[in-house]
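So the structure is just underneath, and the comments pick up after that.
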Amino acid sequence: MKQQRKQIMAVAGFTFREAVRRKSFWVTNGIFFLLILAACIILPQMGGSGGAGPGEEALEGGAAPDAGYTCYLINDSAVLSDAGDVLAQRLEFDVRPVDAAQKAEILGKIRADGQVLLLELGAEQPPEVTITTKDFMSAAPTDAIWQAMANLYRVHAFAQLGYDAAQSEAIVQTQLPLAQEFAGGTNVSNYAAGMALMLMMFLTIYIHGYGVAMSVATEKSTRVMETLIVSAKPTRILLGKCIGMGLVGLSQMLGVLLFSTACAKLLVPPGGFGPGIALPSMTFVRAVLLVVYFLLGYALFSMINSMCGAMVSKMEDLQSAMMPASMVSVFSFYGGYFAMGVGPAVYSAGSVGKLMMYIPFTAPYAAPGILLGGDYTPGLVAASIGGMIVAIVLVAWISSKVYAASVLHYGGRLKFGEVRKLIKG
Amino acid sequence: MALTVSGLTKRFGSNVAVDNLSFSMQEPGVYGLIGTNGAGKTTTIRMILDMLPIDAGEARWEGKPVAKSGVRFGYMPEERGIYMKTKVLEQLVYYGQLRGLGKREAARAARAWLRRLGVAEYETVIAERLSKGNQQKIQLISTLIHDPQLLFLDEPFSGLDPLNTQLFHDLLQEMAAGGKFVILSSHQMSTVEEYCREITLLHKGRALLQGNLKRIKAGYGHTRLLLEGAEETYKMARDGGLTQLETRADGAVFALPEENADQLCERLLQRMLAAGLMPLKFVLSEPTLHEIFIEKVAGEAGKGGAAA
């Protein structure tokens, strides 16, 4: 037993040293650190005024937030004949009335310039409002235009009913004060941190899991493997290799997290990322659970990857052998991403997010959002971790069989049928 | 101490890679496993070392299965493999640790071997910067670092230059004299002939010939005559019924008949001396291992062809 542990730790130590010595490891870390540093320096300059929100500035008489657009107007509505004036005054648009015959020419201008839009008001009662902007990613204030036209229509409708025009307008323009609060924990800070952690988790698991496959394939292609397995059982080598690369991934992830925290504390003023954004709700238990999810996720994917590495004799075959594992990895990430994307709406309802937590492959990617949001129960986490452990044991058993049977096979890339025969034989 | 292999069998699908192979090594020395490529030599070694599951039979060291007996064994595979991007000492320490040594002990042993093989100055150099010969020395050190009792060397001399061949040669002799059990696998017959007291000749997974090499060769008797002298001596040999096989720089080689070869040669030499022809060389020899190998394997191929 002592000899087994010594061999596993020898392999893990050697794998760890080999991995951290590589230039790619330091280049990756450097890129991560630079991105974090850039985010902490640049983002507060862009969005973090730390003062008034966009609405407040307009109320104080500054420029309207949606000002600067050129609005071509085709107005067939008899009721909204003064629509151009409203747009010019309220939204500070450069309004240019045109005929329907000029529409094609206007569309060309819109395609060329995102600050140009076309507003068409129909002749029917109430008039249909059609707004043409450059594309779906356009930031044109269509809601504000639509709201302004609706309010104008209501003012005219009240006037027709005999109400005083000024009073009607005052009533229509009245805004009720709004305060939105969340009973759950998925606020914007936790959501953003969850996204960042999920991405980090995926990159670390993917890169270092791939590293395991590379390491196995290299040892096989350079024939080092034969010298290794005469000294230690394949399962011990496999385990040591996964532990070594896992430690590299874990140290990298913790390094990045510590660096991020330090940068956020030292470089970003309070509210520097914008109003309502604070440091995420990271408690000790949540941090430990995140590390557990990382380790389990890494173990699961690295075992699969090691199996792929053992099935090839030449490095150039590794890519194709890795394809199924890479697809599982990427789809699992998208599963977690999907859970995050629709998460705030459904976590508490427990559908998508919980489902992703129960699936061992997607659980490590869904976990950051759910754990930071706090909308989880101990039962959910226990079932999720239990499921992952069962999956890991199963995958490790299969991987060690395939690994032991494949590492001495040279020649073409092994197909799954051949591997099955080797395991049986 | 003894290595005993009995009834070892390995099948890959319908192909029988090793078929009921048995041999034993009762004393320290060098045992030769010879055969063509694909004869089953490497598969045999892998089964003995528990790298491949055995379909039938067993390999025992002192009565216990080799892999579980606690014997320190070393294996140098035919295909050399070292970590090219890793420093020499670091990888040797790693191999030492895998073979049960502590880190310091492994470093001490590695340094001693590096000095012994004349590559101490490369201790901190990454392996890919070494010459091929020096890389092979590193591979050999990784095999010997834990002072194994039982050694498996698969084609140890392939690709070595004469200087390194001599170095490996001396080391092999030293190990044999030092009480190590060495299994040498090769298809270079001259190598095996030089080192091995006992051999097994493998062909298509089966043992075609086994036993003490001297006795095997003695069993064939004298089969060749190397003659060097005047042209008349060659003519006299041909007239005496011998078939000239080849002409070399150091004389001519004649095949001897299977029956009464020694008497025939005695009479031939007497006739030459009587005629006043003193040959510079008159050497009777047993067949070389190479010749025995060719004869056995060709005979087996003939049987296969006839059966077909």
Residue B:258 passes all but one of the listed conditions (1) under 30 Å from residue B:159 (Cβ atoms); (2) modelled with pLDDT under 85; (3) outside the structural domain of residue B:79 (by TED's automatic domain parsing); the exception is number (1)
Q.
Would you confirm, using the coordinates I've provided, whether residue A:232 is assigned to a loop (DSSP other than H, G, I, E, B), of a type in the set (Gly, Ala, Ser) and either away from every other protein chain (no Cβ under 14 Å) or surrounded by 17 or more Cβ atoms within 10 Å (Cβ to Cβ) (or both)?
A. yes
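For the stretch B:163-177, does any single residue satisfy the condition of being among the hydrophobic types (A, V, I, L, M, F, W, C) and under 24 Å from residue A:7 (Cα atoms)? Give the derivation first.
Let us first name the residues in the stretch B:163-177 that are among the hydrophobic types (A, V, I, L, M, F, W, C), namely B:163, B:167-168, B:171-172, B:175-177.
Still in the list and also under 24 Å from residue A:7 (Cα atoms): none.
Checked the stretch B:163-177: no residue is among the hydrophobic types (A, V, I, L, M, F, W, C) and under 24 Å from residue A:7 (Cα atoms).
Suppose the filter is more than 23 Å from residue B:49 (Cβ to Cβ) and modelled with pLDDT of 85 or more; does residue A:370 pass it?
When the stated conditions are applied, residue A:370 does not pass them.
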Note to self: Whether any residue in the stretch B:15-35 is loosely packed, with under 15 Cβ neighbours inside 10 Å, within 14 Å of another protein chain (Cβ to nearest Cβ) and hydrophobic (A, V, I, L, M, F, W, C) is what I want to check.
What the structure shows: no
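Take the residues of the stretch B:86-128 that are part of a loop (DSSP other than H, G, I, E, B) and within 14 Å of chain A (Cβ to nearest Cβ): which is surrounded by the most Cβ atoms within 10 Å (Cβ to Cβ)? Even if it seems obvious, please write down each step before you answer.
So the first thing to find is which residues in the stretch B:86-128 are part of a loop (DSSP other than H, G, I, E, B), and the list is B:86, B:99-102, B:117-119, B:123-125.
Remaining after also requiring within 14 Å of chain A (Cβ to nearest Cβ): B:86, B:99-102, B:124.
Values: B:86: 19, B:99: 23, B:100: 17, B:101: 21, B:102: 12, B:124: 9.
Looking at residues that are part of a loop (DSSP other than H, G, I, E, B) and within 14 Å of chain A (Cβ to nearest Cβ), I get B:99.
For the structure I just gave you, tell me whether residue A:256 is β-branched (Val, Ile, Thr), in contact with a helix residue (DSSP H, G or I) (Cβ under 7 Å, 6 or more places away or on another chain), more than 14 Å from chain B (Cβ to nearest Cβ) and at negative phi. Before you say what the answer is, go through the steps one by one.
Numbers: β-branched (Val, Ile, Thr): yes; in contact with a helix residue (DSSP H, G or I) (Cβ under 7 Å, 6 or more places away or on another chain): yes; more than 14 Å from chain B (Cβ to nearest Cβ): yes; at negative phi: yes.
Spelling it out, residue A:256 is indeed β-branched (Val, Ile, Thr), in contact with a helix residue (DSSP H, G or I) (Cβ under 7 Å, 6 or more places away or on another chain), more than 14 Å from chain B (Cβ to nearest Cβ) and at negative phi.
Sort out which residues of the stretch B:45-57 are more than 12 Å from residue B:184 (Cα to Cα) and within 14 Å of chain A (Cβ to nearest Cβ), and write them in order of number. It would help to see each step written out before you state the result.
In the first step, residues of the stretch B:45-57 are kept if they are more than 12 Å from residue B:184 (Cα to Cα); the result is B:46-57.
B:46, B:47, B:48, B:49, B:50, B:51, B:52, B:53, B:54, B:55, B:56, listed by residue number.
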Considering the stretch B:58-85, residues that are within 24 Å of the chain's Cα centre (by Cα) and of a type in the set (D, E, K, R), and then whichever is nearest to the other protein chains (Cβ to nearest Cβ), we arrive at B:79
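Surrounded by fewer than 14 Cβ atoms within 10 Å (Cβ to Cβ) and closer than 20 Å to residue A:169 by Cα: does that describe residue A:85?
Numbers: surrounded by fewer than 14 Cβ atoms within 10 Å (Cβ to Cβ): yes; closer than 20 Å to residue A:169 by Cα: yes.
Considered against the rule, which asks whether it is surrounded by fewer than 14 Cβ atoms within 10 Å (Cβ to Cβ) and closer than 20 Å to residue A:169 by Cα, residue A:85 comes out as yes.
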Reported set for the stretch B:132-167 where residues are away from chain A (no Cβ under 13 Å), within 18 Å of the chain's Cα centre (by Cα) and in contact (Cβ under 8 Å) with a residue 12 or more places away in the chain is B:156, B:157, B:158, B:159, B:160, B:161, B:164, B:167
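Does residue A:231 satisfy the criteria of being of a type in the set (S, T, N, Q) and outside the structural domain of residue A:331 (by TED's automatic domain parsing)?
Values: of a type in the set (S, T, N, Q): yes; outside the structural domain of residue A:331 (by TED's automatic domain parsing): no.
The answer is no for residue A:231.
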Log entry, pairs with first residue in the stretch B:173-192 being free of Cβ contacts under 8 Å to residues at least 40 places away in the same chain, second being part of a helix (DSSP H, G or I) and not hydrophobic (A, V, I, L, M, F, W, C), beta carbons closer than 8 Å, six or more apart or on different chains, reads B:173/B:195
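Out of A:200, A:245, I need the residue that is out of contact with any Gly (no Cβ under 8 Å at 6 or more places or on another chain), at pLDDT 85 or above and either buried (at least 16 other Cβ atoms within 10 Å of the Cβ) or at negative phi (or both). Which one? I'd like the intermediate steps shown before the answer.
Details: A:245 fails: out of contact with any Gly (no Cβ under 8 Å at 6 or more places or on another chain).
From the options A:200, A:245, the qualifying one is A:200.
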Is it the case that residue A:423 is hydrophobic (A, V, I, L, M, F, W, C), touching a helix residue (DSSP H, G or I) at 6+ places or on another chain (Cβ under 8 Å) and modelled with pLDDT of 75 or more? no
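Which one is farthest from the chain's Cα centre (by Cα), of the residues in the stretch A:140-164 that are over 29 Å from residue A:68 (Cβ atoms) and either surrounded by 17 or more Cβ atoms within 10 Å (Cβ to Cβ) or of a type outside the set (S, T, N, Q) (or both)? Even if it seems obvious, please write down each step before you answer.
Here is the first cut: in the stretch A:140-164, the residues over 29 Å from residue A:68 (Cβ atoms) are A:157-164.
Narrowing the set further to residues that are either surrounded by 17 or more Cβ atoms within 10 Å (Cβ to Cβ) or of a type outside the set (S, T, N, Q) (or both) leaves A:157-159, A:161-164.
Numbers: A:157: 47, A:158: 48, A:159: 51, A:161: 52, A:162: 54, A:163: 52, A:164: 52 Å.
My answer is A:162.
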Quick count over the stretch B:188-213, residues being at pLDDT below 85 and either out of contact with any strand residue (DSSP E or B) (no Cβ under 7 Å at 6 or more places or on another chain) or surrounded by fewer than 18 Cβ atoms within 10 Å (Cβ to Cβ) (or both), is 5
Within the stretch A:8-28, restricting to residues that are surrounded by fewer than 19 Cβ atoms within 10 Å (Cβ to Cβ) and within 15 Å of residue B:87 (Cβ to Cβ), the one that is farthest from the other protein chains (Cβ to nearest Cβ) is A:20
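Can you confirm whether the stretch B:124-131 contains a residue that is over 30 Å from residue A:222 (Cα atoms) and among the polar types (S, T, N, Q)? Spell out how you get there, then give the answer.
Let us first name the residues in the stretch B:124-131 that are over 30 Å from residue A:222 (Cα atoms), namely none.
Checked against the condition, which is being over 30 Å from residue A:222 (Cα atoms) and among the polar types (S, T, N, Q), the stretch B:124-131 yields no hits at all.
With respect to residue B:161, is the statement that it is in contact with a helix residue (DSSP H, G or I) (Cβ under 7 Å, 6 or more places away or on another chain), loosely packed, with under 14 Cβ neighbours inside 10 Å and within 28 Å of residue B:115 (Cα to Cα) true? Show your work before the answer.
Numbers: in contact with a helix residue (DSSP H, G or I) (Cβ under 7 Å, 6 or more places away or on another chain): yes; loosely packed, with under 14 Cβ neighbours inside 10 Å: yes; within 28 Å of residue B:115 (Cα to Cα): yes.
Yes: the conditions hold for residue B:161.
Of the residues B:74, B:32, B:7, B:57, which single one is of a type outside the set (Val, Ile, Thr), outside any loop (DSSP other than H, G, I, E, B), assigned by TED's automatic domain parsing to the domain that holds residue B:136 and touching a Cys at 6+ places or on another chain (Cβ under 6 Å)?
Working: B:74 fails: touching a Cys at 6+ places or on another chain (Cβ under 6 Å); B:7 fails: touching a Cys at 6+ places or on another chain (Cβ under 6 Å); B:57 fails: touching a Cys at 6+ places or on another chain (Cβ under 6 Å).
Testing whether each residue is of a type outside the set (Val, Ile, Thr), outside any loop (DSSP other than H, G, I, E, B), assigned by TED's automatic domain parsing to the domain that holds residue B:136 and touching a Cys at 6+ places or on another chain (Cβ under 6 Å) leaves just B:32.
Does residue A:223 fit the bill of being out of contact with any Cys (no Cβ under 6 Å at 6 or more places or on another chain), within 10 Å of another protein chain (Cβ to nearest Cβ), within 13 Å of residue A:9 (Cα to Cα) and among the charged types (D, E, K, R)?
On the way: out of contact with any Cys (no Cβ under 6 Å at 6 or more places or on another chain): yes; within 10 Å of another protein chain (Cβ to nearest Cβ): yes; within 13 Å of residue A:9 (Cα to Cα): no; among the charged types (D, E, K, R): yes.
No; evaluated as a whole, the condition is false for this residue.
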The one condition residue B:170 fails out of (1) touching a helix residue (DSSP H, G or I) at 6+ places or on another chain (Cβ under 8 Å); (2) free of Cβ contacts under 8 Å to residues at least 12 places away in the same chain is (1)
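Please determine, by comparing only the residues of the stretch B:2-14 that are within 11 Å of another protein chain (Cβ to nearest Cβ) and more than 28 Å from residue B:180 (Cβ to Cβ), which one is surrounded by the fewest Cβ atoms within 10 Å (Cβ to Cβ).
For the stretch B:2-14, the residue satisfying everything is B:13.
Within the stretch A:91-102, identify whether any single residue is part of a helix (DSSP H, G or I), in contact with a Ser or Thr (Cβ under 8 Å, 6 or more places away or on another chain) and either farther than 17 Å from residue A:148 by Cβ or among the polar types (S, T, N, Q) (or both), and answer yes or no. Can you show your working first?
Going through the stretch A:91-102, the residues part of a helix (DSSP H, G or I) turn out to be A:100-102.
Among the residues that remain, those that are also in contact with a Ser or Thr (Cβ under 8 Å, 6 or more places away or on another chain) are: none.
Scanning the stretch A:91-102 turns up no residue that is part of a helix (DSSP H, G or I), in contact with a Ser or Thr (Cβ under 8 Å, 6 or more places away or on another chain) and either farther than 17 Å from residue A:148 by Cβ or among the polar types (S, T, N, Q) (or both).
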Taking first residues from the stretch A:195-224 that are not assigned by TED's automatic domain parsing to the domain that holds residue A:12 and of a type outside the set (A, V, I, L, M, F, W, C) and second residues anywhere that are part of a loop (DSSP other than H, G, I, E, B) and buried (at least 23 other Cβ atoms within 10 Å of the Cβ), the pairs with Cβ under 9 Å that are 6 or more apart or on different chains are none
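The values are calculated or read from the model by the stated rules, or taken from the named source; none is laboratory data. Here the structure is a predicted model, which means the values were calculated and not measured. Positions of Cβ are generated from backbone atoms using ideal geometry, with glycine treated the same way; all protein chains shown enter the neighbour counts.
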